[in-house]
């Protein structure tokens, strides 16, 4: 690769990082990374959300006064699914974001140090 092109590309990436900000680029990298790496857990979370939505629709269609036992059962199921969805999404987000933040800090920091040398 021609040295002028290499210097241009390094400067372009450096200015992009400076312009957008490291936190914004970390957020974009996080979304991309979590979509690829956590595909199976994302599918499981999506299935839980669909089941939660269907259960809520059934609960809203059921009269709490006329069919209390059915409504209460759906309510317990909804509460259980809501807890599972929140727990899974929170734990997945925290673990992945922490891991990615450490990786980005080291890679972005080393890139910025390298690009400032030129």
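The values are calculated or read from the model by the stated rules, or taken from the named source; none is laboratory data. Predicted model, so just to flag it, every value in this text is computed and none were measured. Every residue, glycine as well, gets a Cβ built from its backbone with ideal geometry; the counts of neighbours run over all protein chains shown.
For residue 41, the test of being surrounded by 12 or more Cβ atoms within 10 Å (Cβ to Cβ) and closer than 22 Å to residue 89 by Cβ is passed.
Of the residues making up segment 9-38, those that are in contact (Cβ under 8 Å) with a residue 12 or more places away in the chain, in a helix (DSSP H, G or I) and within 21 Å of residue 89 (Cβ to Cβ) are 26, 29, 30, 33, 34, 37.
Conditions first: (1) at pLDDT 80 or above; (2) out of contact with any helix residue (DSSP H, G or I) (no Cβ under 8 Å at 6 or more places or on another chain); (3) over 30 Å from residue 89 (Cα atoms). Residue 50 passes all but one, so which condition is the exception? Every condition holds for residue 50 apart from (3).
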